Each structure stands twice: as C-alpha cells, then as structure tokens.
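Here's the structure we're looking at; comments come further down.
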Amino acid sequence: MNRVPGAVAAIAFLLAAFSADAVELDNARAEKLAKGNATAKVSMEFVLKQARRIKDPKVRTAVLAILANPAPTFMSRYPDTASKEAIRSRLVEEGLLAAMVTSTDLFPPLESPEKSPLSFLAAPGGTPDHHHDYPGGLAEHTAFNLQSAMDLEKNYKVRYGVTLDPDLVIAAPILHDAWKAWVFQYSKDGSQPKQATLAGTGAHHPFGVAESIFRGLPAELVVAQAAAHDPPGIAPEIVIGYLRAAALLAGVDPVAKGYLARAENGSWSLAKLPSVEGTVNHLSDHDYVITDPAGKEVADCLERLIRAEAAARKAGLEMPTVRWARTRIKTQVPHMRIYAELRAGGDPAVKALLASKKIPLLDTADGPVLAGAPATP
Ligand SMILES: [Fe+2]
Ligand SMILES: [Fe+2]
C-alpha cells in the first residue's frame, strides 16, 4: 500500500473536517439508535459468521477488518485539498466524473482514513426515503444480499453442476456497499449529505472497489465486487468504468493488476470472461427493486402518522423531528415489515402495528415538539 505518514495525514484530515463548509454531523445519534436495532444485530451476526468461513486468510482478514471498521484507507492518498482536486480533475478528464462535481461534493467528510465515520452496524443501507435508510440498514441489506448470493450458489450447483468459489460468493456481497458507512453519514437535522455520482453510479460503489484494490485483494474478487451494480456479461462497459475509476482512486494500473485489458486503439475490455460469481453478486443486490419503492411509501406513511400524532397534541413539528422520529421507528421494526402492513391495511394497520410493539410515533428524544403551534397537515 502506498500511504503517507500517519501523523501528517491525521492532521490534514482534521483540518479538512473542520473547514468552513463542513457539514454539521451527528453520527453519534445513529450509533445510539443502531444499538436498539435488534434485526440489524442479528443480521450483523449472520454476516460475521459467513465472513469467518472465508478460506483465503488474506481475504478473510480484510473482510473481518472492514466489518469491524469500514474505513476508506485509500483516502490516505488524498490528505489535502490539492491532492483531492488533482484526482477529481483526472476523473473528469477520463470521462468518469461530471465537471460540475467539486472535490467536496465527491468526497464525504472524513476525519481520518483509518477510521470509518460510522460503524458497519450503524450505517444506513440507502439514501433517505429509499431502501434501508436507517441505522442498521446496511447490516440488514448486506445480510439479505449475502443470503441471496448463497442461495444462488446452491442453485447453480443443483441446476447446472457449476461449483462457485465460495470465498467470492461470500466476500463480494459483504464488501460491495460497506462504504455507505462513509458516504451516508447523518447530519444534525436527520438528513444526509447528497451522494456524488461517479462512473455513472453512486460513489459508494467505485469507492468500495477502490478500497479493495488498495487493500490488495485478489483480482477475481475486485472484479466480482465491481459487478454489483451492473451485470458484467450484459453491460461490461459499465463495469469497466467502475474498475477504471476505482483503479485511478487507488493509484494502480488496472491492466497490470489483471482487472482490465486495453487494445492498441485504446479501447478497454474485461481481462477475463465475466465470472458467475460476479453475476451472482449483481443478482444478489436486487432486493432494492422492492425495498426502494417500499422505503418511499413507508417514509411517507410514517410522516403522515407522526404529523397526525402531533396534530392530536395540538402541536407542530419541524422536519428534523419528523426525520429522527421516522429513523428511530425504522430501527425498531424493519421497514419491509411496515410496508407489508401498509399494503394490507393502510395507515391504520401501521399505527396498530407500532402500538402493538409499544413503539411511540413521537418520542421526546426525536426533537422539539412545538407546543401550541398550528399543526402541519
Ligand atoms: Fe451499492
Ligand atoms: Fe446494495
């Protein structure tokens, strides 16, 4: 790994973290809420149990270290504004980043490249009002995906007699979204800073691939991880873009490393035929096709119920209180459980579900309730 001295990097990152345009964060609140998320804790145990089954000691050690602390260590290459600006310009030159995206837009706040801003357990699995958008959501999303990948592994064996590499089946789904713990931090008002688009997708994805490259993980795993958002057999050019962006961020030659090949005319291709394991990683990440729209419906439903509760108390609510109340509720009952109830019986059924679990719609810890203020419809 090509690293700058630790003390210098730490000082530079601290200065950046307290710059004038730094977002006011409250990740500690997410950590506290995650401790009460029983579903996420069970999910985390499942993910850890599978990670311990990885046979390759280097991969197993790296995956367990990332679960313990999903730190973007490749950011040690970018300790100051000048180095961040240089890589931003390079990504723009290569057609992988829109010119309007600033380095502050691209790189989320980070105090140290050695420590993740959020723990894996406390990180959300998606953007606000989308899938798994609450502390513990990443663990739940990852556990679901990992189970899907293992089920697909069995299916390929039973139906086609194809034996997959179990290390890739386990490691790729665990790694692919882990850097949401850096990208989806919590602001004090319960919102989250906007994620930049890099190589045509949410930056967490190429960032994660860059991290696997930087940590020296095997080429087969790096390429399988890169396939999470798009199928390498059908859309190789998109997966190639992720690998090119990730290799630039990690400071390696993707051809020399065995990820990509390049023809004399400059065109890129995958170094090897797409792997089944990469495709399994891609397929296993598809819970979002229901959890994403469900996340929006649940967010809207909870806001209606929370505001109705405030109205019944003849009180008004600011949006931060609504956001934190919704977030708290989703750490106490999975958003898909709420969605199932919403489909079956609408808002009254969701209200009854929460009441049966003794989950209040409004809690004093959520934020100020404006006594006497007109209720917002
Ligand atoms: Fe992702
Ligand atoms: Fe995902």
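Overview of results
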{"read-out": "Qualifying residue in segment 163-178 (condition: in contact (Cβ under 8 Å) with a residue 60 or more places away in the chain, open to solvent by 10 Å² or more (accessible area, probe 1.4 Å), of a type in the set (Val, Ile, Thr) and part of a loop (DSSP other than H, G, I, E, B))", "value": "no"}
{"read-out": "Glu153, sole failed condition from (1) open to solvent by 10 Å² or more (accessible area, probe 1.4 Å); (2) closer than 30 Å to Val322 by Cβ; (3) not small (Gly, Ala, Ser)", "value": "(2)"}
{"read-out": "Of all residues making up segment 258-295, the number that are outside any helix (DSSP H, G or I) and within 26 Å of Ala149 (Cα to Cα)", "value": "13"}
{"read-out": "Qualifying residue in segment 221-230 (condition: away from ligand 1 (no atom under 13 Å from the Cβ) and open to solvent by 10 Å² or more (accessible area, probe 1.4 Å))", "value": "yes"}
{"read-out": "Conditions (1) within 16 Å of ligand 1 (Cβ to nearest atom); (2) of a type in the set (Phe, Trp, Tyr); (3) open to solvent by 10 Å² or more (accessible area, probe 1.4 Å); number of the one not met by Trp182", "value": "(3)"}
{"read-out": "The one condition in (1) of a type in the set (S, T, N, Q); (2) part of a loop (DSSP other than H, G, I, E, B); (3) within 14 Å of ligand 2 (Cβ to nearest atom) that Ser112 fails to fulfil", "value": "(3)"}
{"read-out": "Filtered residues of segment 36-62 (kept if assigned to a helix (DSSP H, G or I), open to solvent by less than 60 Å² (accessible area, probe 1.4 Å) and touching a residue at least 60 places away in the same chain (Cβ under 8 Å))", "value": "Thr39, Ala40, Ser43, Met44, Phe46, Val47, Gln50, Ala51, Val59, Ala62"}
{"read-out": "Residue check for Ala65: farther than 20 Å from Pro193 by Cα, open to solvent by 20 Å² or more (accessible area, probe 1.4 Å), at pLDDT below 95 and part of a helix (DSSP H, G or I)", "value": "no"}
{"read-out": "Selection status of Tyr259, within 16 Å of ligand 2 (Cβ to nearest atom) and among the aromatic types (Phe, Trp, Tyr)", "value": "no"}
{"read-out": "Residue list for segment 192-219, restricted to those being away from ligand 2 (no atom under 16 Å from the Cβ), surrounded by fewer than 20 Cβ atoms within 10 Å (Cβ to Cβ) and modelled with pLDDT of 95 or more", "value": "Gly216, Pro218, Ala219"}
{"read-out": "Segment 200-218 residues that are of a type in the set (Asp, Glu), paired with ones that are more than 16 Å from ligand 2 (Cβ to nearest atom) (beta carbon under 8 Å, 6 or more apart)", "value": "Glu211/Pro72; Glu211/Thr73; Glu211/Phe74; Glu211/Ala250"}
{"read-out": "Conditions (1) surrounded by fewer than 20 Cβ atoms within 10 Å (Cβ to Cβ); (2) at pLDDT below 50; number of the one not met by Asp26", "value": "(2)"}
{"read-out": "Which numbered condition Ile234 misses (of (1) farther than 26 Å from Pro109 by Cα; (2) of a type in the set (A, V, I, L, M); (3) surrounded by 24 or more Cβ atoms within 10 Å (Cβ to Cβ))", "value": "(3)"}
{"read-out": "Check on Thr321, hydroxyl-bearing (Ser, Thr, Tyr), modelled with pLDDT of 95 or more, crowded, with 21+ Cβ neighbours inside 10 Å and under 20 Å from the mean Cα position of the chain (by Cα)", "value": "no"}
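The values are calculated or read from the model by the stated rules, or taken from the named source; none is laboratory data. Small disclaimer: the values here were computed from a predicted structure and weren't measured. Don't worry about glycine lacking a Cβ; one is built from the backbone with ideal geometry, like all the others, and counts go over all protein chains shown. Calculation scope for accessible area: heavy atoms of the full protein, side chains included, ligands and nucleic acids excluded. Shrake-Rupley method; radii C 1.70, N 1.55, O 1.52, S 1.80 Å.
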